[in-house]
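Asker: The structure that follows is given in the form of structure tokens.
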Amino acid sequence: MTFASGYLLDVASGQAAEAEVLHEIGDKQILDWHTLWRPSLHQGLINLAANEGSRASPPQSVHWNWQEKANHPSQIWAEGFCVVCGGETQGMMLVNLVSQHARLPGQEGKHLVYVDYVETAPWNRARLHNPPRYRGVGALLMRAAIDKSFFEGYKGRVGLHSLPQSAAWYESKLNMTSLGEDPSKQNLPYFEMSTEQAIRITGRRSS
Amino acid sequence: MNLKYSKQWCLEMAQLEGDSEVSAGVRFLTQQQESLQQTPSDELPRGASVFGRYVNLMRRKGSLGIRELAKRADIEVSEVESIEAGIETPGPRAIYQLANVFSVEPTKLSKMAGLTRANDSEFDDRSLKFAASSNPNAELSEEERLALEAYVRYLTD
């Protein structure tokens, strides 16, 4: 089911490429993960070792298994999103509306969209494949999470636990508020987006 | 829903994203480990949240506005809003009044709201699965309607 239409930056050509955000992680995405993502990740790790040496730290999502994630019993209340461009899955995200609540001062306990997992295809990650194929996959997925939040009446509030390698994206570029490391989630840094931040990033006129 | 994200916004954000890593979520867990990591007390919707979704769906199923439901149940509009938002655990009177409107046993709604202890894992499982199926603002989808009907059957059996 199409959630939104947008664009990615095709790095090789420097042109915009039409993309779709789908409100599902379907069989096609799992097939892409098996047949495209995993071989690309394998090659990417070889590239990484060649570029950064054998002590290079691998992507912290290297062991993620999207087939397990999408079908895990704990995900009965999860909703999947993905970005498709050029007929291939460029990124996937699982969100849920019930497991977490807002933590920002003044917003404590309010509903938010919690991003359980988000990841882009290995060929879109510059550390693994340089240059990457597309840029902007993470932005489209975050935009979908924000719009989902507005649609649900949660006023754009979004929360997530970032992998440490990704913290700069959420804090410095999306300007989400860092609420520190969370001992209940492997000490991952927790970030939250307020209504005001969501409006600023999306250009919405109001909530 | 088919939103349109402008080319300008997408390309500006793509430039902003650059070569950033954008992953989020817990690390290095197998499925079995993830199961063990799940701590029901803080991961699962409970009490007010489940009850709020139930009230929201039942109201929409009956094509009732919040004011109309508040009037029929003889409770405050603000209380219905708080209940649906999962902000407020409903009091015994509100539960009783809403049970009458929805033709459900008050004791079952009381369990759902967490006022009385369920002591019934099946009740919990069904409540959680039901809570996961709803979408507070949209019209009832076929999936939501089926989930609600199954849940109501369970509550009224």
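The values are calculated or read from the model by the stated rules, or taken from the named source; none is laboratory data. Keep in mind that what you see is a predicted model, and the values were worked out from it rather than measured. Positions of Cβ are backbone-derived with ideal geometry, glycine not excepted, and every protein chain shown enters the neighbour counts.
Asker: Among the strands (runs of 3 or more DSSP E) contained in the range A:102-207, which hold 1 or more residues that are small (Gly, Ala, Ser) and under 27 Å from A:Glu52 (Cβ atoms)?
Answerer: A:177-182
Asker: Would you tally the residues in the range A:93-120 being under 11 Å from B:Val22 (Cβ atoms) and in contact (Cβ under 8 Å) with a residue 40 or more places away in the chain?
Answerer: Residues that pass the stated criteria total 4.
Asker: Take the conditions over 20 Å from B:Gly18 (Cβ atoms) and aliphatic (A, V, I, L, M) and apply them to A:Leu160. Does it pass?
Answerer: no
Asker: Let me ask another. Against the definition (outside any helix (DSSP H, G or I) and over 30 Å from A:Thr195 (Cα atoms)), how does A:Ser99 come out, yes or no?
Answerer: Considered against the rule, which asks whether it is outside any helix (DSSP H, G or I) and over 30 Å from A:Thr195 (Cα atoms), A:Ser99 comes out as no.
Asker: Then there is this: Going by what's in this entry, would A:Ala167 be described as closer than 22 Å to A:Asn65 by Cβ and either surrounded by fewer than 23 Cβ atoms within 10 Å (Cβ to Cβ) or in contact (Cβ under 8 Å) with a residue 24 or more places away in the chain (or both)?
Answerer: So A:Ala167 fails the test.
Asker: Right, here's the next one. Only one of these conditions is not met by A:Asn124: (1) at the interface with another protein chain (Cβ under 7 Å from one of its Cβ atoms); (2) under 17 Å from A:Leu8 (Cβ atoms); (3) crowded, with 23+ Cβ neighbours inside 10 Å. Which number is it?
Answerer: (1)
Asker: Name, by its number, the condition in (1) closer than 25 Å to A:Asp10 by Cα; (2) in contact with a strand residue (DSSP E or B) (Cβ under 8 Å, 6 or more places away or on another chain); (3) among the aliphatic types (A, V, I, L, M); (4) facing another protein chain (nearest Cβ under 9 Å) that does not hold for A:Leu163.
Answerer: With respect to (1) closer than 25 Å to A:Asp10 by Cα; (2) in contact with a strand residue (DSSP E or B) (Cβ under 8 Å, 6 or more places away or on another chain); (3) among the aliphatic types (A, V, I, L, M); (4) facing another protein chain (nearest Cβ under 9 Å), A:Leu163 is out only on (1).
Asker: Suppose we keep only residues that are surrounded by fewer than 22 Cβ atoms within 10 Å (Cβ to Cβ) and in contact with a Lys or Arg (Cβ under 8 Å, 6 or more places away or on another chain) within the range A:5-37. Which one would you say is farthest from the other protein chains (Cβ to nearest Cβ)?
Answerer: Looking at the filtered set, the residue picked out is A:Ala12.
Asker: Same structure again: Across the range A:74-96, what is the total count of residues that are out of contact with any Leu (no Cβ under 7 Å at 6 or more places or on another chain), among the hydrophobic types (A, V, I, L, M, F, W, C) and part of a strand (DSSP E or B)?
Answerer: 3
Asker: Test of understanding: among A:Leu112, A:Leu141, A:Leu97, which residue is within 10 Å of another protein chain (Cβ to nearest Cβ), crowded, with 24+ Cβ neighbours inside 10 Å and over 29 Å from A:Ala17 (Cα atoms)?
Answerer: A:Leu97
Asker: Looking at A:Glu68, A:Glu52, A:Glu79, A:Glu108, which one is modelled with pLDDT under 95 and over 30 Å from A:Phe150 (Cα atoms)?
Answerer: A:Glu52
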